[in-house]
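FYI, it's all coordinate maths here, none of it is from the lab. Every value quoted in this text rests on a predicted model; they were computed, and no experiment measured them. So basically every Cβ, Gly included, is an ideal-geometry build from the backbone, and we count neighbours across all protein chains shown.
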Amino acid sequence: MRLMIRLTDEEKAIIDLAAEVAGQPTATWVRDEILRLAKATAAPQPATKPASPAKRKAAKKA
């Protein structure tokens, strides 16, 4: 399967440079980075509990 993305020449050059710095072919670097980002984005986010009133008050003073 193929995924095609339109890029400007400048965007392509940036991606090529990043892949070169990483020591990978451009297609491999792009695939790895897209999958890393997609997995991080799709992963369930941990629930956070609201800050206590004392912590909120302290944060306002700072």
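Compute the angle between helix 9-22 and the longest alpha-carbon principal axis of the chain, please, reported from 0 to 90 degrees and rounded to the nearest 10. Helix 9-22 and the main axis of the chain meet at about 80 degrees. Between K12, K49, K39, where does the largest GNM mean-square fluctuation fall for the chain, given springs only between Cα atoms within less than 10 Å? Residue with maximal mean-square fluctuation among K12, K49, K39: K49. In plain terms, the chain from K60 to D9 could stretch by 13.7 nm, reckoned as 0.36 nm per residue minus the Cα-Cα distance. Taking the charge dipole of the range 1-43 about its Cα centre, with +1 at Lys and Arg Cβ atoms and -1 at Asp and Glu Cβ atoms, the residue from V30, A42, L3 reaching farthest to the positive side is A42. Over the chain, DSSP H runs of length four or greater, each weighted -39,500 (n - 2.57), average out per residue to a 222 nm ellipticity of -20500 deg cm²/dmol. One decimal place: the segment S52-D32 gains 3.2 nm when fully extended, by the rule 0.36 nm per residue minus the C-alpha distance. With kT/(6 pi eta Rh) evaluated at 4 °C and eta = 1.567 mPa s, and Rh the Kirkwood radius from Cα pairs, the chain diffuses with a coefficient of 84 µm²/s according to Stokes-Einstein.
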